[in-house]
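The values are calculated or read from the model by the stated rules, or taken from the named source; none is laboratory data. This one's a predicted model, so the numbers in the text were calculated from it and none came from an experiment. Here the Cβ positions follow ideal geometry from the backbone for every residue, glycine too, while neighbour counts run over all protein chains shown.
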Amino acid sequence: MSLTPVVGIVGSDGAYGRWLRRFLEQRLGLEVIGHDPADAASDSPETLLDRAEVLIFSAPIRHTPALIADYAARSAGREAGRLWLDVTSVKSAPVEAMLASQAEVVGLHPMTAPPKAPTLKGRVMVVCEARLSQWQPFVQQLCDALEAECVRATPEHHDQVMALVQAMVHATHLAQAGVLREYAPILGALPALMPYRSASFELDTAIIARILSLNPAIYEDIQFSIRTSHRCWTACWPSCSSFARSWSRAMTRHGRRSDSSCCWIIVTAWEPGCWPMATTPSSGSGTCSRI
């Protein structure tokens with residue numbers, strides 16, 4: 001183990017591969033080599049397996065497990081005593097593939113697209129230390145230099161959480177985008193709506209615009225590579241239906257809105273301890289007696 005190892009990046013010409021190369025060279029002063037099929041001048045896989053003491057897989061989610069398996073077969077034991085990492089948004093399958101090698105294994109998930117900043121300061125990075133012993137000092141040095149807020153998790157727990165944090169959030173915002181598109185012929189496209197914006201609408205449309213502006217393959221891979229994502233975002237639809245039924249009951253009781261029923265719609269979405277950043281919902285008139 002060395003604190004100044006040669007680092008190899010598989011996927012060195014991708015967005016994160018390029019960012020990692022700059023970071024490792026400029027912030028840690030390390031020698032970085034890389035292979036990428038899009039870069040004919042890049043190093044060969046054999047060169048990476050011969051020279052890289054630390055190997056980072058920075059490839060599209062859908063290709064990463066098979067790519068790792070290919071490198072493990074090519075390496076044929078040479079990786080023993082070395083460190084393999086990946087930086088994909090899904091952790092179970094890539095980490096499982098790396099564990100089939102003899103290398104020490106850590107899965108990383110920076111919770112951001114490659115930033116314009118030189119580090120991940122202010123961002124979260126999930127760290128899955130699947131098999132780590134002698135390379136622990138280097139991994140800690142790497143995390144410290146990245147300046148991210150590091151969260152330790154197992155690959156399985158990471159993927160379960162990402163089904164909510166990423167897959168569900170992406171799906172619901174894409175659903176909102178579909179509704180906005182459906183209403184565009186009636187009320188106009190987004191620029192026609194923005195003069196009427198609320199703070200919440202502005203925030204949601206900013207997130208939608210960000211999702212639609214980035215690589216759609218990443219969002220597709222997150223939806224279909226996280227095994228529990230379908231269960232999480234399909235759970236949204238019964239919740240929406242329940243909300244709609246509550247709204248209907250509130251609007252039709254005695255031909256007018258019922259304040260207590262409307263308040264109950266909000267209260268059903270609020271659970272003490274689940275939303276620590278929120279205060280107890282209140283109508284201001286004491287009508288929310290069902291809390």
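Could you check the range 20-42 and list, in sequence order, the residues that are over 9 Å from S58 (Cβ atoms), buried (at least 19 other Cβ atoms within 10 Å of the Cβ) and in contact (Cβ under 8 Å) with a residue 60 or more places away in the chain?
Hit for the range 20-42 is F23, nothing else.
Pick from E46, E79: which is part of a loop (DSSP other than H, G, I, E, B) and over 27 Å from the mean Cα position of the chain (by Cα)?
E79
List, please: which pairs have Cβ atoms under 9 Å, are six or more places apart or on different chains, and start with a residue in the range 184-201 that is on the phi > 0 side of the Ramachandran plot and end with one that is exposed (fewer than 10 other Cβ atoms within 10 Å of the Cβ) and in a helix (DSSP H, G or I)?
Pairs that qualify, where the first residue is on the phi > 0 side of the Ramachandran plot and the partner is exposed (fewer than 10 other Cβ atoms within 10 Å of the Cβ) and in a helix (DSSP H, G or I): there are none.
Name every residue in the range 91-112 that is surrounded by fewer than 23 Cβ atoms within 10 Å (Cβ to Cβ) and in contact with a helix residue (DSSP H, G or I) (Cβ under 6 Å, 6 or more places away or on another chain), in order of residue number.
S92, A93, A97, A100 - these are the residues of the range 91-112 that are surrounded by fewer than 23 Cβ atoms within 10 Å (Cβ to Cβ) and in contact with a helix residue (DSSP H, G or I) (Cβ under 6 Å, 6 or more places away or on another chain).
Per-residue answers, yes or no, for (1) under 30 Å from V106 (Cα atoms); (2) polar (S, T, N, Q); (3) modelled with pLDDT under 95:
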site: E156; (1), (2), (3): yes, no, no
site: V169; (1), (2), (3): yes, no, yes
site: L190; (1), (2), (3): no, no, yes
site: A206; (1), (2), (3): no, no, yes
site: R210; (1), (2), (3): yes, no, yes
site: I222; (1), (2), (3): yes, no, yes
site: S229; (1), (2), (3): yes, yes, yes
site: S239; (1), (2), (3): no, yes, yes
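Looking only at residues that are part of a loop (DSSP other than H, G, I, E, B) and free of Cβ contacts under 8 Å to residues at least 40 places away in the same chain in the range 97-110, which one is nearest to V165 (Cα to Cα)?
The selected residue is A100.
Results for (1) within 20 Å of V6 (Cβ to Cβ); (2) touching a His at 6+ places or on another chain (Cβ under 8 Å); (3) in a helix (DSSP H, G or I), shown as yes or no for each residue.
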position	(1), (2), (3)
Y71	yes, no, yes
T88	no, yes, no
V95	no, no, yes
T112	no, no, no
L120	no, no, no
V126	no, yes, no
Q134	yes, no, no
